[in-house]
1. Within the range 1-19, is there a residue that is surrounded by 18 or more Cβ atoms within 10 Å (Cβ to Cβ), within 16 Å of the chain's Cα centre (by Cα) and either part of a helix (DSSP H, G or I) or modelled with pLDDT of 95 or more (or both)?
2. Would you please list the contacts, defined by Cβ atoms under 7 Å and residues six or more apart or on different chains, that run from a residue in the range 185-213 that is under 21 Å from Leu152 (Cα atoms) and β-branched (Val, Ile, Thr) to a residue that is assigned to a loop (DSSP other than H, G, I, E, B) and at pLDDT 95 or above?
3. Any idea which of Ile172, Ile195 is within 22 Å of the chain's Cα centre (by Cα) and farther than 24 Å from Glu144 by Cβ?
4. Within the range 13-39, which residues are within 16 Å of Ala66 (Cβ to Cβ) and of a type in the set (Gly, Ala, Ser)?
5. If a residue counts only when it is over 25 Å from Tyr199 (Cα atoms), modelled with pLDDT of 95 or more and aliphatic (A, V, I, L, M), which helices (runs of 4 or more DSSP H) contained entirely in the range 82-168 have at least 2 such residues?
6. Mind listing just one residue for me: the one in the range 38-64 that is polar (S, T, N, Q) and outside any helix (DSSP H, G or I) and, of those, modelled with the lowest pLDDT?
7. Select, from Pro62, Pro98, the only residue that is touching a residue at least 24 places away in the same chain (Cβ under 8 Å), surrounded by fewer than 23 Cβ atoms within 10 Å (Cβ to Cβ) and out of contact with any Phe, Trp or Tyr (no Cβ under 8 Å at 6 or more places or on another chain).
Amino acid sequence: MSFLKKLFGGNVVENAVQEALNKVRKNPDELTSWINLASAYNLAGNNEKALEICNVLVKDHPNDLALWLTIATIHLDEDRISEVIDAANKAISIQETPLAHTLIGRAYIKNKQWENAITEYKRVIGRDDKNAWAWYWLGVAYEETSDTQSALSAYKKASELDPNNVEVYKRIASVQLTLHNFDQAISAMEQAARIEPKYKQMVRDMRDRLAKI
């Protein structure tokens with residue numbers, strides 16, 4: 001997740017690591033402090049160090065839910081698909097949680113296993129139907145299987161739950177263009193432009209192109 005350095009600034013991420021280190025020094029026997037340190041290294045993009053910590057911890061704490069979820073998250077950043085699924089399933093064996101299924105779903109998305117992704121995100125939604133990103137990724141998986149109507153329904157649900165998500169309006173516009181619903185496609189991009197003005201030019205270009213059809 002080194003992109004977070006660009007998003008928040010390198011100093012913010014480095015300070016998070018330092019803060020986590022300080023907490024470990026104060027509470028060296030506290031498992032949560034060590035897991036937080038591993039997560040901080042993960043956010044800083046040092047996944048080798050993060051996994052090193054987790055691999056030591058898991059020997060003494062093989063049934064800790066948060067630890068397995070952290071391990072799955074780290075492997076996801078490294079695109080280690082089978083390791084993500086193994087770690088997330090270990091977490092599920094300890095306790096069913098939407099996050100574990102979300103991690104498996106993201107792994108399947110990365111690996112372009114769309115049907116499996118659909119199954120996992122349905123499981124997430126079955127446990128947390130207010131999860132906007134779960135609806136979004138469910139839509140992506142449906143779109144990739146050419147099930148445009150199901151994709152559109154999922155994207156619309158995502159937009160209702162998170163009306164400020166630009167990406168979902170872009171996806172809605174794409175699906176509406178595929179369905180030749182041009183007015184709805186423009187409307188979706190207008191929504192995106194209201195959130196991020198940089199898309200205003202894209203709306204104008206879309207109008208010009210569609211006017212020639």
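1. no
2. Ile195/Asn164
3. Details: Ile172 fails: farther than 24 Å from Glu144 by Cβ.
Unique residue meeting the criteria: Ile195.
4. Ala20, Ser33, Ala38, Ser39
5. Working: elements: 98-110, 114-127, 132-144, 148-161.
In the range 82-168, 98-110, 114-127 are the helices (runs of 4 or more DSSP H) which contain 2 or more residues that are over 25 Å from Tyr199 (Cα atoms), modelled with pLDDT of 95 or more and aliphatic (A, V, I, L, M).
6. The first filter runs over the range 38-64 and keeps only residues polar (S, T, N, Q), leaving 39, 42, 46-47, 55, 63.
Okay, now just the ones that are also outside any helix (DSSP H, G or I), so 46, 63.
On the way: Asn46: 92, Asn63: 97.
Here the residue is Asn46.
7. Details: Pro62 fails: touching a residue at least 24 places away in the same chain (Cβ under 8 Å).
From the options Pro62, Pro98, the qualifying one is Pro98.
The values are calculated or read from the model by the stated rules, or taken from the named source; none is laboratory data. Predicted model, so just to flag it, every value in this text is computed and none were measured. Neighbour counts run over all protein chains shown; Cβ positions are idealised from the backbone, glycine included.
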